[in-house]
Amino acid sequence: MKIAYNFIFLLIIILTLSCSKKEEKVTILKEKNLETQMIEVYNQALKEFERGDVIYAGKKFSEAELLYPQSIWAPRAVLMSAYGYFSQGYYKDAINDLERFLVKYKNHPQTDYAYYLLALCHYDQIVDEKKDFNEILKAKKYFEILIDKYPNTDYAADSKFKLEFIVEIMASKEMYLARYYVQREKWIPAINRFKKVVNDFDTTIYVEEALHRLVELHYKVGLIDEAEKYAKLLGYNYQSSKWYEASYKILNKNYQKQTKIIKDDKESILKKFKKLFK
């Protein structure tokens, strides 16, 4: 009887091991099959992308990723989908793909590219600094991430160039708001806006005018010392500027009179010279 029990127990173990081996084989076969399917769908998406049908291509790339998200092709599919949408101006779809990529595939070798494309999605939507300020801020944010985290890449080099343009746009918006307040004779809000340009955007083309406006407005409200302070700052940095000359005229009321006297003297000398030939 013991021999019979032992034989049955041994048989059960053999059957169990053989079943588990079959299950392992089936699982491996399924995984390989999924990867094959995924690559096939990816290639279909690539063909549609090359044909120019980015909407259908994007759907196929998403399908490829869902089929086998563990594959090295899955994050590539997301990036290809995002680029396809971006290339045709479907920025919202591209942004959705890229934001998902950055969350799902952290530390991926092409993370720098994802940030760059995401920054461009917002950058390319900037049309009017007065209306698209949210896009300006988001583009600025992602360009700064690239410069900070990936300083030695081509993406960072281009980001620096585009960031300079964004800073000019932001300064332009502040100048627009400051002039708006000046037109409505709201001097204090206008002064604060011009100060922001001087303090935060001192490398832009607007800083000279902003300094002059601060001279002008402080003089207007009776803060002569403050007006002189900004005039000195303007003169120190931009003495040959037309804005410095304008500020000088505000603080030196005799400037126009002196100019007129010199002009009158020239005219009188010319008249005297002409009389010699009469």
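If packing is taken as the mean number of other Cβ atoms within 10 Å per residue, what is the order of 56-64, 148-156, 223-231, highest first?
56-64, 223-231, 148-156
Could you tell me how many cubic angstrom of Cα convex hull volume region 128-223 has per residue?
Each residue corresponds to 93 Å³ of Cα convex hull volume.
Mind listing P(r) for region 24-90? All alpha-carbon pairs, 10 Å bins, whole percents.
Reading the bins upward from 0: 25, 47, 20, 7, 1.
Evaluate the charge dipole of region 95-208 about its Cα centre and quote only its size in Debye, nearest 20, assuming +1 on the Cβ of each Lys and Arg and -1 on the Cβ of each Asp and Glu.
480
Separation between the GLU164 and ARG179 pseudo-spin-labels, each 7 Å from Cα along Cα→Cβ, expressed in nm?
Result: 2.4 nm between the two label points.
Read-outs: derived from the displayed coordinates by stated rules, not from any lab. Note that this is a predicted model, so its numbers are computed, not measured. Note that we place each Cβ from the backbone using ideal geometry, even for glycine, and neighbour counts take in every protein chain shown.
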